[in-house]
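First the structure, in the form of structure tokens, and then the observations on it.
Nothing in this text is a laboratory measurement; each read-out follows from the coordinates by a stated rule. Not measured: the values here are computed from a predicted model. Positions of Cβ are generated from backbone atoms using ideal geometry, with glycine treated the same way; all protein chains shown enter the neighbour counts.
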Amino acid sequence: MNLFPEAVISKLPQTGTSVFAVMTQLAREHQAINLSQGFPDFPVSEKLIELVAFHMRKGHNQYAPMPGLPLLRERIAEKTQALYGAVYHPETEITVTAGATQAIFTAICTFVREEDEVIVFEPAYDSYVPAIKLNGGVPIVSQLKLPDYSINWNEVKKLLSSRTKMIIINSPHNPSGSILSATDMAELEKLTRNTGIIILSDEVYEHIIFDGKKHESVCSYPGLAERSLVTCSFGKTFHATGWKTGYCLAPENLMKEFRKSHQFIVFCSNTPVQHALADFLGDASNYHGLGEFFQQKRDFFLKAIKGSRFEWIPAAGTYFQLLNYNKISQEDEMDFAQRLTREHKVAGVPTSSFYSKTANNGMLRFCFAKSEETLEKAAEILCKI
């Protein structure tokens, strides 16, 4: 019974259920192979699971410190310095979060005020724009250039204004699998120099990069690091997306403000998981080699669909591959994705869902973080279309 219907005024009137949830539900209904949502279908390290159970039994089941377990923050600092040569103080510049999405929302909530402008590159992960709007900000969209999904820096320069508060970047990029280069970072540094613009850098796929390429983290660029919040994900790194544990790196002045919001949004993240991750990070081999691991899966999948009518540019990072279906159909992306799921029993995600305005480029995103058996079954179907 709706007693006060006039009181329910949506802050996100154009937003429905996430496309990932929609396509996953459709895949379930039609018993389709689900390559739509970004989660692995192979097991988490048995050692890591045993560590979580060990710490649960040891009694580490109550609230962790608000910024995160001290040992885990120390291990994150060691990892960041080893990878990027950047020094972050565990006590004041690192916060463990309930996944990277929470870290992203907290960063936007903390720094974006009413009418502040935030530059977003589309296609973009679907949480960015809603988070900006929920906090009264104004998303300013720059579309990535096809076919390589690169940034048009001349356009970005024109989009900057006195109201620009933040620029959100994502590399390796979801959904396209593209990566930012050293040249891109130099352009970003040049554009933001001597400004009050904050960079929010989504680097959840930092370890999943292919073909001998290098992940260009903002941490490696002092002129960017001084104004940046970097979000990372243990769920993506260790195949445990359901644990929802990540972290944020930022200089002390930014992190101080970030934590003010963090404590009231979630306070802290899962305690036994933090203990287990602190132990697991002690061995760097547990995250080195992820690029090679997923490159094998990318190559296996692309080889398996070589005889199909789809076209593609191999993903440079992430565990997603875009496939162009324009030689198969001229249908709207969502229509084709749903028909593919219902009739052919393979689910992908339309890239149009990553744009705030209508965009149909004939592209679907498929997740290859799956067993070879799953990928082989999906490829066999795709080759028959």
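What to note about this one:
- Put a dot 7 Å past the Cα of E114, heading toward its Cβ, do the same for V8, and the two dots end up 2.6 nm apart.
- Cα gyration tensor shape for segment 23-137, rounded if a/c is under 1.5, else prolate or oblate: oblate
- For the residues K303, K214, K236, a GNM of the chain with alpha-carbon springs under 10 Å puts the largest fluctuation on K303.
- Net lengthening on full extension, M66/E380 (0.36 nm per residue, minus Cα-Cα): 108.2 nm
- When each of E380, E29 is scored by the number of other beta-carbon atoms lying within 10 Å, the sequence from fewest to most is E29, E380.
- For segment 63-285, size of Cβ-based charge dipole, Lys and Arg +1, Asp and Glu -1, in debye: 300 debye
- Relative contact order for segment 87-148, counting Cα pairs under 8 Å that sit 6 or more residues apart, in percent: 32 percent
- DSSP beta bridges in segment 63-285 [antiparallel fraction, %, rounded to 5]: 30 percent
- Cα centre as origin, Lys/Arg/Asp/Glu Cβ charges: the chain dipole, Debye: 240 debye
- Ranked C367, C383, criterion: other C-beta atoms within 10 Å, fewest first: C383, C367
- Over all pairs of different C-alpha atoms in the chain, the reciprocal of the mean inverse distance, the Kirkwood hydrodynamic radius, equals 21.7 Å.
- Between I265 and E343, the FRET efficiency estimated from the beta carbon spacing at R0 = 56 angstrom works out to 0.85.
- In plain terms, the residue of M166, M363, M66 with the fewest other Cβ atoms within 10 Å comes first and the most crowded comes last, giving M66, M166, M363.
- Label zone at R57 (point 7 Å along Cα-to-Cβ), backbone N below 16 Å, segment 250-287: 272-273, 276
- Helical runs assigned H by DSSP (4 residues or longer) give the chain a calculated mean residue ellipticity at 222 nm of -10500 deg cm²/dmol, each run adding -39500 (n - 2.57) before division by the residue total.
- Mean separation of Cα contacts under 8 Å, 6 or more apart, over the residue count of the chain: relative contact order %: 24 percent
- Relative contact order of segment 210-311: 22 percent, from C-alpha pairs under 8 Å at least 6 residues apart in sequence.
- With 24 Å as the limit, the listed pairs K244/K370; K47/K79; K58/K260; K165/K236; K213/K256; K158/K327 have K58/K260; K165/K236; K213/K256; K158/K327 beyond it between alpha carbons.
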